[in-house]
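First up is the structure itself, then whatever we jot down about it.
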Amino acid sequence: MKATLAPSSLTFTSLPYSSSFHSSSSSLLFRCPSSSASMTTTTRGNVAVAAAATSTEALRKGIAEFYNETSGLWEEIWGDHMHHGFYDPDSSVQLSDSGHREAQIRMIEESLRFSGVTTDEEEEKKIKKIVDVGCGIGGSSRYLASKFGAESIGITLSPVQAKRANDLAAAQSLAHKVSFQVADALEQPFEDGKFDLVWSMESGEHMPDKAKFVNELVRVVAPGGRIIIVTWCHRNLSEGEKALQPWEQNLLDRICKTFYLPAWCSTDDYVHLLQSHSLQDIKCADWSENVAPFWPAVIRTALTWKGLVSLLRSGMKSIKGALTMPLMIEGYKKGVIKFGIITCRKPL
Amino acid sequence: MRLITHNMLSCNIKGVTNGFPLRIEAGNVIEKEVDFNPDFIRHMFAKLEWKALVEGARSMGYAELPEDSPDAAVLESDESFLKKLHHALLELHLEEGALVCPETGRKFPVNKGIPNMLLHEDEV
């Protein structure tokens, strides 16, 4: 049964967002703890809409500039994957740099496995076209294109990232399989139903309008194709809870400023948005325990001599970003921040 | 930007129903050699929008592709055709120029080989 969803605009304002919908019990397979949190729609007047539009422009510009400035630094220290590593929970072994790189590859493989893409060879062969939404410098695209022998097209708001991604592809002799352009994930420059795999690895947190973001992902995925969203969320709200606690919201707000993030949502919110489209096999999981070693490792690398020098050279956005990292650890420790994966399939 | 990418891009301005294919205004086109991989070309053929490819190639100065999409059988037998397809899809680079929406005429700039498909506020 389809859940009806009133337009949910989880937008970039400091007002607590809310949307109302009825989520009827469905026969969809989804394994996350179901939350019956209901939220009420805020109606927006013209002024508010205009303000939101301008702030969306400002956010887009901020994101582009942030990544223009910091991508080089990240690549120098961590390589071409700009996402968390996947670790065994409670792994206390302090990993080497290569251990962390391996964990980042494992994150890709675990995501593919969770979504069912790599369950059998027949499934894998069907993947001919991939879109990498929020592609960074193209680490995922190049990996996935290689793995599946498919074509991958990546989109990012940052021209610096797009250029670097294309250069790396050429250097790795993958230029024929992957390409990168500057485009907006909320207005993807593609016709409907083009991609067998729609990949969003840690880009969802930047999207100011989660409903529009999900709409676009669903629009561009081909019948039979899969959507994989791996993203930072806040914890699911409990029954009757309308919003996060003020201290929790405060913590997230401080992170939002330096990382150019709009309002956060929960894994449940994504599930509900997907449920409002006719999709199959909607699944989600909380991988917060599997990413725990990541931020401490990033901080350690930032505090090395090389890290500090590079930070100072990069600029204020990078420095502020680095100073915000302990807040990420605090957020995870206090159960406010969750690392979630949400996947689904479009029916044939 | 190569034609393999152009074959996927369309104009997403609000209200536009005919945003594909984008017309190419070629400013600077360069040729970069890419290793010929016949299997990859055959693999890609099925999902190509042929007319868009032919027109795009012509805009970039390459007119060797047939007007009509050939039979799949040609892919197996005719290596010279595969090579032409390989050349058009992968070896022609639009470094500077623009992609033009067929319905609105809106130009999306291409700089240093990268198309900028971002829409303005009044276009969404």
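The values are calculated or read from the model by the stated rules, or taken from the named source; none is laboratory data. Small disclaimer: the values here were computed from a predicted structure and weren't measured. Positions of Cβ are backbone-derived with ideal geometry, glycine not excepted, and every protein chain shown enters the neighbour counts. To get the accessible areas, we keep the full protein, side chains included, count just its heavy atoms, and leave off ligands, DNA and RNA. Shrake-Rupley method; radii C 1.70, N 1.55, O 1.52, S 1.80 Å.
The table that follows gives values for the structure above.
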{"quantity": "Estimated 222 nm signal from helices in the protein assembly as shown, with DSSP H stretches of n ≥ 4 weighted -39500 (n - 2.57), rounded to 500", "calculated": "-12000 deg cm²/dmol"}
{"quantity": "Accessible surface, chain B, averaged per residue in Å² (probe 1.4 Å)", "calculated": "47 Å²"}
{"quantity": "Shape call, the range A:55-126: gyration tensor on alpha carbons, a/c limit 1.5", "calculated": "oblate"}
{"quantity": "Loss of accessible area when A meets B, both sides summed, Å² nearest 100, probe 1.4 Å", "calculated": "2700 Å²"}
{"quantity": "Three-way shape label, the protein assembly as shown, alpha-carbon gyration tensor, a/c 1.5", "calculated": "prolate"}
{"quantity": "Filter on B:LYS14/B:LYS112; A:LYS126/A:LYS283; A:LYS126/A:LYS334 - keep pairs with C-alpha separation over 32 Å", "calculated": "A:LYS126/A:LYS334"}
{"quantity": "With every protein chain in place, the protein assembly as shown: carbon and sulfur % of accessible area (1.4 Å)", "calculated": "53 percent"}
{"quantity": "Label-point gap, in nm, between A:ASP281 and B:GLU76 - each point 7 angstrom along Cα→Cβ", "calculated": "3.1 nm"}
{"quantity": "Accessible surface, per residue, of the range A:205-348 when the full set of protein chains is kept, probe 1.4 Å, Å²", "calculated": "39 Å²"}
{"quantity": "Those aspartates and glutamates that a straight Cα-Cα span of less than 13 Å connects to A:LYS242, excepting residues fewer than 8 apart in one chain", "calculated": "A:ASP269"}
{"quantity": "Residues in the range B:96-124 occluded by at least 10 Å² - accessible area, probe radius 1.4 Å, against chain by itself", "calculated": "B:LYS112, B:ILE114, B:PRO115, B:ASN116, B:MET117, B:LEU118, B:LEU119, B:GLU121, B:VAL124"}
{"quantity": "Pair B:ILE30, B:ASN18: separation of 7 Å Cα→Cβ label points (nm)", "calculated": "3.6 nm"}
{"quantity": "Extension gain, B:SER69 back to B:VAL124 (0.36 nm per residue minus Cα-Cα distance, nm)", "calculated": "16.4 nm"}
{"quantity": "Inter-probe distance in nm under a simple model that places probes 7 Å from Cα toward Cβ, at B:LYS107 and A:LYS242", "calculated": "5.2 nm"}
{"quantity": "Pairwise FRET efficiency - A:ASP167 versus B:GLU96, Cβ, R0 = 22 Å, nearest 0.05", "calculated": "0.85"}
{"quantity": "Alpha-carbon centroids, the range B:15-82 and the range A:154-232: separation in whole Å", "calculated": "23 Å"}
{"quantity": "Global form of the range A:110-230, assessed from the alpha-carbon gyration tensor, a/c cut-off 1.5", "calculated": "oblate"}
{"quantity": "Debye, to nearest 20: dipole size of the protein assembly as shown, +1 on Lys, Arg Cβ, -1 on Asp, Glu Cβ", "calculated": "1100 debye"}
{"quantity": "Within chain B, longest stretch free of exposed GluC sites (Glu not before Pro) [DSSP loop, at most 12 other beta carbons within 10 Å]", "calculated": "B:68-124"}
{"quantity": "Extension reserve of the A:LYS306-A:LYS334 stretch, reckoned as 0.36 nm per residue once the Cα distance is removed", "calculated": "7.0 nm"}
{"quantity": "Area of A:VAL218 that stays accessible when all protein chains are in place (1.4 Å probe, Å², to 10)", "calculated": "10 Å²"}
